[in-house]
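The values are calculated or read from the model by the stated rules, or taken from the named source; none is laboratory data. Here the structure is a predicted model, which is why all the values come from computation and not from measurement. Note that each Cβ is placed from the backbone with ideal geometry, even for glycine, and that neighbours are counted across all protein chains shown. Each accessible area value is taken on the protein alone, full model and side chains, heavy atoms only, with ligands, DNA and RNA left out. Shrake-Rupley method; radii C 1.70, N 1.55, O 1.52, S 1.80 Å.
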Amino acid sequence: ARKSGHPMQTFYFLGFPFFHSRTRNGRHAVGIKTVLSRLRRSMTKLNVMMSSNRHKTLQEQIEKINQFLTGTFCYYGVMGNFMSLKKLHCFATRQWRKALSSRSQSGRLNWEKYQIILKHHPMRSPFIKVGYQQLIAMALL
């Protein structure tokens with residue numbers, strides 16, 4: 001398409017837009033990231049799950065949150081999509097603090113106390129499940 005003068009097209013497949021991108025060296029590459037509507041859908045599901053599990057213990061809550069995050073990171077964890085995963089992780093961190101703050105009538109949970117809770121009950125960090133070499137191998141099938 002590049003040599004014939006036609007513009008590079010973006011297409012969507014399984015919740016990912018595939019688009020023309022460039023590497024750090026200036027070479028052409030295929031860019032992949034999460035469709036914004038799917039990212040928002042994941043955030044909404046996470047928010048609903050947190051509000052329905054608000055009455056449970058901290059250990060039960062973080063197990064559910066980590067289970068959700070691990071599944072989402074495994075599906076959307078392809079090379080080039082780390083920023084979308086990071087957005088979801090930051091959203092989960094903020095929303096869990098908000099959910100924990102709403103459990104008490106005495107006031108909001110400050111960040112210092114929340115960091116202590118996160119130290120004892122760590123939240124799953126985003127990770128890349130499928131690298132470029134695996135993507136190339138899958139594309140050749």
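The table for this structure:
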item: Entries in 86/129; 33/64; 87/119; 33/129; 64/98 that, when Cα-Cα distance is taken, lie over 18 Å; result: 33/64; 87/119
item: In Å², nearest 10: area of residue 49 left accessible to a 1.4 Å probe; result: 40 Å²
item: In Å², nearest 10: area of residue 51 left accessible to a 1.4 Å probe; result: 60 Å²
item: Summed residue charge, Cβ within 14 Å of residue 53's Cβ, Lys/Arg positive, Asp/Glu negative; result: +4
item: Rounded percent of accessible protein surface that carbon and sulfur make up, the chain, 1.4 Å probe; result: 57 percent
item: Region 10-141 - charge dipole about Cα centre, Lys and Arg +1 at Cβ, Asp and Glu -1, debye rounded to 20; result: 340 debye
item: Listed residues 60, 112 arranged by accessible area, highest first, probe 1.4 Å; result: 112, 60
item: Lys/Arg +1, Asp/Glu -1 at C-beta; region 70-141 dipole; positive extreme among 84, 115, 104; result: 104
item: Probe 1.4 Å - accessible area at residue 19, Å² to nearest ten; result: 60 Å²
item: Dipole of region 25-68, positive direction: furthest Cα of 68, 55, 26, with charges on the beta-carbon; result: 26
item: Qualifying aspartates and glutamates (Cα of each under 20 Å from Cα of residue 45; at least 8 residues distant if same chain); result: 60, 63
item: Equivalent ellipsoid dimensions for the chain as semi-axes, Å, which come from the Cα gyration tensor, largest first; result: 38, 14, 13
item: Accessible heavy-atom area order of 45, 86, highest first, probe of 1.4 Å; result: 45, 86
item: Heavy-atom surface of region 53-141, accessible at 1.4 Å and reported per residue (Å²); result: 65 Å²
item: Karplus 3J(HN,Hα) series, Hz, for region 21-30 with 6.51 cos²θ - 1.76 cosθ + 1.60 (x for Gly, Pro); result: 9, 10, 7, 5, 7, x, 7, 6, 8, 9
